[in-house]
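Peer 1: Can you read through this structure? Questions will come right after.
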Amino acid sequence: MSTPHPTAATAAPYAVLRVDRRKAKAMAAMAASSAHTMREKPTPNADPEGAAPVVMHLADGKTPYQAARHLLEGAERRNRDTVLCREIVLSASPSYFRPGRESMGGVFELDRVKAWATASLAWAKRQWPDQLASAVLHLDEMTPHMHLLVVPRVNSAAGVWKLNSKALFDRERLRELQTAYGEALAPLGIRRGEPGSIATHSEARQFYGAVNAAKTLSERSTLPAAPKAPANPSGIAAKVADALGSTFGMETPHQRAIKAHAVAMKQWRETCKDLRQQDSKAWEQMKAHSAMAPLSQRRHKSLTAVKTPINSTVALHRVGPAKPRR
């Protein structure tokens, strides 16, 4: 499968790799991460009508949590502050997934997603052959991305697995991961940003702007349970009363209950419709906010350039992808 490369006149899209700063030191934290990844709990920044998560890799079990627990079995833990798991997000600039339509959140070309997801998963397996617990693809947010859970276990000289997050994710190693991921995506026309650069690239701001915008949204509305239908008459007396009522044209208690249930169902459907519309409206507002973020940043940048002395304007010309915020 061939993936079109960007033209010379178009800046190459950037690779995005973010290591979550939060370090799972308890099973509960791992379970919460797994529930979010598998959409087992409300996710405000996800499209309510979007695609379900695509599980691309599990070391064991049926969920990221179960896979991580499998890799933790037998691994030595120094103390209660030892990191059990790290979460990593992989993605690319919107221009790779939807060239020419960068501001249209939630839109992507399937062939490009497949090529990127295949290359990303192969790279992750090479990087963490004994540590990668899970890889799950999300297509229900602004830009396609992949969630990884990595158990930071290393094999000691004695042949024993020991948990050591610093050995895999110290500052130097994080820079190496950025470079290695960019090199892995180079055949797709995706490149690593300049090391140490400031995140002024509009598409990188767009990706992280969507993440920040999601934090301001309230939890997705929980739909109320549907009213229960009335049970059919039971017992001889109830059946006789129902039969007599039908014969003489009298409304029986069961018939009244059926009418009341129909009214309740109508109200329930209207309530669910309103809640879904609220969720959809919040989703559209977040897409609009993310699309406008680069424009507002650019305007602020222009105003800053006017007020900045000429000998200081060189700082405004730095471009590159965002540093990993996780």
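Peer 1: To one decimal place, what orientation-averaged projected area in nm² is obtained for the convex hull of the Cα set of region 15-199?
Peer 2: 11.2
Peer 1: Pairs of alpha-carbon atoms within less than 8 angstrom and 6+ residues apart define the contacts here; what relative contact order does region 15-199 have, in percent?
Peer 2: In percent, rounded to a whole number, it is 29.
Peer 1: Still on this model: Collect residues whose amide H, placed 1.01 Å from N in the peptide plane, falls under 5 Å from the amide H of HIS57; neighbours closer than 5 in sequence don't count.
Peer 2: The list, which skips near neighbours in sequence, is ALA135.
Peer 1: How do THR43, THR37 line up, fewest other C-beta atoms within 10 Å first?
Peer 2: With the sparsest Cβ surroundings first, the list reads THR43, THR37.
Peer 1: Please list, in order along region 82-93, the HN-Hα scalar couplings obtained from phi with the Karplus expression 6.51 cos²θ - 1.76 cosθ + 1.60 (θ = phi - 60°), rounded to whole Hz, x for Gly and Pro.
Peer 2: In residue order, the calculated couplings are 5, 6, 8, 7, 10, 9, 10, 10, 10, 6, 8, 4 Hz.
Peer 1: Taking θ = phi - 60°, what integer Hz values does the Karplus form 6.51 cos²θ - 1.76 cosθ + 1.60 yield along region 175-189, in sequence order, with x for Gly and Pro?
Peer 2: Values, residue by residue: 5, 5, 5, 4, 5, 5, 5, x, 5, 5, 9, 4, x, 8, x Hz.
Peer 1: Give the peptides 144-153, 171-180, 105-114, 11-20 in descending order of average Cβ contacts within 10 Å, highest first.
Peer 2: Packing proxy ranking, top to bottom: 144-153, 11-20, 105-114, 171-180.
Peer 1: With respect to the cross-link table entries LYS62/LYS114; LYS41/LYS266; LYS41/LYS114; LYS23/LYS273, which display a Cα-Cα separation exceeding 30 Å?
Peer 2: Beyond 30 Å between Cα atoms: LYS23/LYS273.
Read-outs throughout are calculated quantities, based only on the coordinates presented, and are distinct from any laboratory measurement. Remember, it's a predicted structure, so these values are computed and weren't measured experimentally. Backbone-built Cβ (ideal geometry, glycine too); neighbour counts: all protein chains shown.
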